[in-house]
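Visitor: What follows is a single structure, and I will ask about it in a moment.
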Amino acid sequence: MDLAEYQKMLLPMSSQWSWLPQSASTVAGDVDWLFYFLAWTCGGLFLLVVAPMIFFAFRYRRRQAGQRALSQKDHDLKLEIAWTALPVIYLAFLFHWGFVGYAQIYTSPGDAKQLRVMAEKWKWEVTYPTEDGGFKTKDLAPVIAVPINQPIELTMTSKDVLHSFFIPNFRVKHDVVPGRYTQLWFEATQLGDFPVFCTEYCGTGHSTMAAIIRVMPLEKYNEWLEVSKAEDAKTANLSPVERGKTLYQQNCKICHTIDGSALIGPSLKGVYGHKVELESGDTVVADDNYIRESILLPNAKLVKGFPNGGMTSFQGKFKEEEIIALIEFIKSLK
Ligand code: CUA
């Protein structure tokens, strides 16, 4: 996903009259009702308490030095019962409403379609189970296609740190935790694209860790599934440069451009075979070994101008032929 596309997703999605983005799932309506009910009643209660307080403080202020109140009332049973009972009823009502909604949001209906989500700094990867073993989405910021009016359950985990999967328009969110599986379900009620954000701070690329949920009619979804599966199969026999490009898009694009402009890290354009100035004052030639080392041990030779070394090691994440494919791809960026 490029920057413009990403910025478009950040634009307000709500109508002029709503504080919340457009609601697009079966649970969103209830969540909104509860939210607005809470906001308005709490606002009303606040005024009900604070406005008289200010009024009384002013009305009965001390006017002369040494002035005493003419009478004091220290007890009123009816009033005390009222201000105890009414909030209890209000809170019990809110608790019931919230609890029923919570149970609904976190209990998946039995017939939900199952998808797997793998979080990794800084991307979401989604696996669609199919009869022949399933396939994965290939984009850096994947389009997660789902059919409309069908419960979908995501089983999520993380390869590195805590992330959180949030779909504002659906009003659902759940933490994604390394070493365990968490579930999130939703049923979309509107066609269209809806942003997914990571809402657990997970490092430099956190704010760009986004995806798109694309809600489609069922027939379209089935078509999409076929096409994506075929594409997935194709990447198995790509040329090294093409394979490297795919790997670049999945893993490196957030920090390294291929057009010469610096991002979080230096651009990869024209690097291969040329001299690179380092933070230490040395220079090295960017050959196969240097690039390999930069992928596996990113902090070994920091490029001048990028002293912080924000890159995490890809040791163990790439197979040997994948490293070669990446080198071939970088070599092709003249
Ligand atoms: Cu992943 Cu923030």
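The values are calculated or read from the model by the stated rules, or taken from the named source; none is laboratory data. Worth saying up front: this structure is predicted, and the values here are computed from it rather than measured. Neighbour counts are summed over all protein chains in view; Cβ atoms, including those assigned to glycine, are modelled from backbone coordinates with ideal geometry.
Visitor: For region 83-114, name all the residues that are assigned to a strand (DSSP E or B) and more than 17 Å from Phe170 (Cα to Cα).
Guide: Selection gives Gln114 alone.
Visitor: Only one of (1) more than 30 Å from Gln150 (Cβ to Cβ); (2) under 25 Å from the mean Cα position of the chain (by Cα); (3) touching a residue at least 24 places away in the same chain (Cβ under 8 Å) fails for Gly273. Which number is that?
Guide: (2)
Visitor: If I ask for residues that are surrounded by 18 or more Cβ atoms within 10 Å (Cβ to Cβ) and modelled with pLDDT under 85, which ones from region 211-238 would you list?
Guide: Selection gives Ser228 alone.
Visitor: Further question: When Thr246 is evaluated against the numbered criteria (1) at pLDDT 85 or above; (2) hydroxyl-bearing (Ser, Thr, Tyr); (3) out of contact with any Leu (no Cβ under 8 Å at 6 or more places or on another chain), which criterion, by number, is the only one it fails?
Guide: In the conditions (1) at pLDDT 85 or above; (2) hydroxyl-bearing (Ser, Thr, Tyr); (3) out of contact with any Leu (no Cβ under 8 Å at 6 or more places or on another chain), Thr246 misses (3) alone.
Visitor: For Phe318, indicate whether it is among the aromatic types (Phe, Trp, Tyr) and at pLDDT below 85.
Guide: Yes.
Visitor: Against the conditions (1) touching a strand residue (DSSP E or B) at 6+ places or on another chain (Cβ under 6 Å); (2) away from the ligand (no atom under 16 Å from the Cβ), where does Gln249 fall short? Just the number, please.
Guide: (1)
Visitor: Those residues that are part of a loop (DSSP other than H, G, I, E, B) and either at pLDDT below 90 or more than 13 Å from the chain's Cα centre (by Cα) (or both), I need them from region 142-165; list them, please.
Guide: Pro142, Ile148, Asn149, Gln150, Lys159, Asp160, Val161
Visitor: Ok, one more. Could you list, in sequence order, all residues of region 149-163 that are within 11 Å of the ligand (Cβ to nearest atom), buried (at least 16 other Cβ atoms within 10 Å of the Cβ) and of a type outside the set (S, T, N, Q)?
Guide: Those that are within 11 Å of the ligand (Cβ to nearest atom), buried (at least 16 other Cβ atoms within 10 Å of the Cβ) and of a type outside the set (S, T, N, Q): Val161, His163.
Visitor: Buried (at least 17 other Cβ atoms within 10 Å of the Cβ) and not in a loop (DSSP other than H, G, I, E, B) - does that describe any residue in region 304-317?
Guide: No, region 304-317 contains no residue that is buried (at least 17 other Cβ atoms within 10 Å of the Cβ) and not in a loop (DSSP other than H, G, I, E, B).
Visitor: Still on this structure, I have one more. Could you please give the count of residues in region 166-204 that are outside any strand (DSSP E or B), within 16 Å of the ligand (Cβ to nearest atom) and surrounded by 16 or more Cβ atoms within 10 Å (Cβ to Cβ)?
Guide: Residues that pass the stated criteria total 6.
Visitor: Right, next: Under 6 Å between Cβ atoms, at least 6 apart or on separate chains: pull out the pairs that start in region 167-195 with a residue that is in contact (Cβ under 8 Å) with a residue 12 or more places away in the chain and end on any residue that is surrounded by fewer than 19 Cβ atoms within 10 Å (Cβ to Cβ) and basic (Lys, Arg).
Guide: Within 6 Å, the pairs are Asp193/Arg214.
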